[in-house]
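A.B. asks: Sharing a structure here in structure tokens format.
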Amino acid sequence: MGHWRSDNLSASSGAPKMEGKLAVFLTPWGGINLAGTDDSGQLNVTWWVPGSNKWVTSNFNRLFDGPTFDSQSVSAYTTPWGGLNITGRDQRGDLVAYWWVPSFGQNRDDDYWRVTNLSENIVSSDQPVGTIQGLVTPDGQINLFGTNAVNDVLRFYWEPGEHWKMDNLTHEAQPL
């Protein structure tokens, strides 16, 4: 293509009207993914992969039986090993991840995305509110940043071979 073009992806893919924050992530194989919530908090991902001539929308709540998200909390990121991740706060305020890795296999039972409540796996964690931002380091450490109800900066993090942990960076920061 020699120029930019505009397409209405909602019309072509059947995506519902999105509310709040839209999180975009690219796959190692060149796929484009747009994750967000509709007006009822349902997580919808509109995606395209090379070789396809159309965009598709998938409702992750229906496909993977996970919770709805607060519309401002959706974050998405990929890992160095090709993992795909979408996180957000559920209706209880818990931090939840929809995640997939290439090693899950090729059949329906193995290839499904997993849904994990990260808050249930973190000892004495503060509840995040508002926006969540994901960042993955080159060595594979996953970091999710947000704030709590009194605006303390929180970092939820995971390293390969470890469990999820949480730091309140506001309490741990040392003045210069």
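A.B. asks: Using DSSP to define loop residues, name the chymotrypsin sites (Phe, Trp or Tyr not before Pro) in the stretch 1-96 whose beta-carbon has at most 11 other beta-carbon atoms within 10 Å.
C.D. replies: Details: sites: Trp4, Phe25, Trp29, Trp47, Trp48, Trp55, Phe60, Phe64, Phe69, Tyr77, Trp81; in loops: Trp4, Trp29, Trp55, Phe69, Trp81.
Sites meeting the loop and neighbour criteria: Trp4, Trp29, Trp81.
A.B. asks: Stokes-Einstein at 25 °C, 0.890 mPa s, Kirkwood radius from Cα pairs: D for the stretch 8-161 in µm² s⁻¹? List each step's numbers first, then the result.
C.D. replies: Numbers: Rh = 16.0 Å.
Roughly 154 µm²/s, to the nearest whole number.
A.B. asks: Still on this model: List the lysines whose alpha-carbon lies under 27 Å from that of Lys165, not counting same-chain residues fewer than 8 positions away?
C.D. replies: Correct list for Lys165: Lys21.
A.B. asks: Averaging sequence separations of C-alpha pairs under 8 Å and six or more residues apart, then dividing by the length of the stretch 1-63, give the relative contact order as a whole percent.
C.D. replies: Working: 102 pairs, mean separation 16.9, N = 63.
Once normalised by length, the contact order is 27 percent.
A.B. asks: Can you give me the Cα centroid spacing of the stretch 124-176 and the stretch 46-108 in angstrom?
C.D. replies: Comparing the Cα centres of the stretch 124-176 and the stretch 46-108, I get a distance of 20 Å.
A.B. asks: Could you give me the ³J(HN,Hα) list for the stretch 153-170, computed from phi with Karplus coefficients 6.51, -1.76, 1.60 and θ = phi - 60°, whole Hz, x at Gly and Pro?
C.D. replies: Result, ordered by residue: 7, 10, 10, 9, 8, 9, 10, x, x, 10, 9, 5, 9, 9, 10, 8, 5, 5 Hz.
A.B. asks: Quick check on the chain: helices-only [θ] at 222 nm, where DSSP H runs of length 4 and up contribute -39,500 (n - 2.57) each and the sum goes over total residues. Nearest 500, please. Walk me through the numbers on the way to the answer.
C.D. replies: Values: 4 runs with 18 residues, N = 176.
Here the helix-only value at 222 nm equals -1500 deg cm²/dmol.
A.B. asks: Take the solvent-accessible surface of the protein heavy atoms, probe 1.4 Å, and return the percent of it on the chain that carbon and sulfur atoms account for.
C.D. replies: Working: 5210 of 9950 Å².
About 52 percent, which is the carbon plus sulfur part of the accessible surface.
A.B. asks: Averaged per residue, what accessible surface does the stretch 51-172 expose to a 1.4 Å probe, in Å²? Could you put the intermediate results ahead of the total?
C.D. replies: Numbers: 6340 Å² over 122 residues.
Here the per-residue accessible area is 52 Å².
A.B. asks: I've got another one for you. Return the sequence-ordered ³J(HN,Hα) values of the stretch 54-70 in whole Hz as given by the Karplus equation 6.51 cos²θ - 1.76 cosθ + 1.60 applied to θ = phi - 60°, using x for Gly and Pro.
C.D. replies: 8, 8, 10, 10, 10, 8, 5, 5, 6, 6, 10, 6, x, x, 6, 10, 5
A.B. asks: Can I ask one more? Let me know the Kirkwood hydrodynamic radius for the stretch 12-67, please, with Cα pairs as the basis and the value in Å to one decimal. Please report the intermediate quantities before stating the final value.
C.D. replies: On the way: mean 1/r = 0.0856 Å⁻¹.
It is 11.7 Å.
The values are calculated or read from the model by the stated rules, or taken from the named source; none is laboratory data. What you see is a predicted model, and the numbers here were worked out from it, not measured in a lab. Don't worry about glycine lacking a Cβ; one is built from the backbone with ideal geometry, like all the others, and counts go over all protein chains shown. The accessibility values were calculated without ligands, DNA or RNA, using every heavy atom of the protein model including side chains. Shrake-Rupley method; radii C 1.70, N 1.55, O 1.52, S 1.80 Å.
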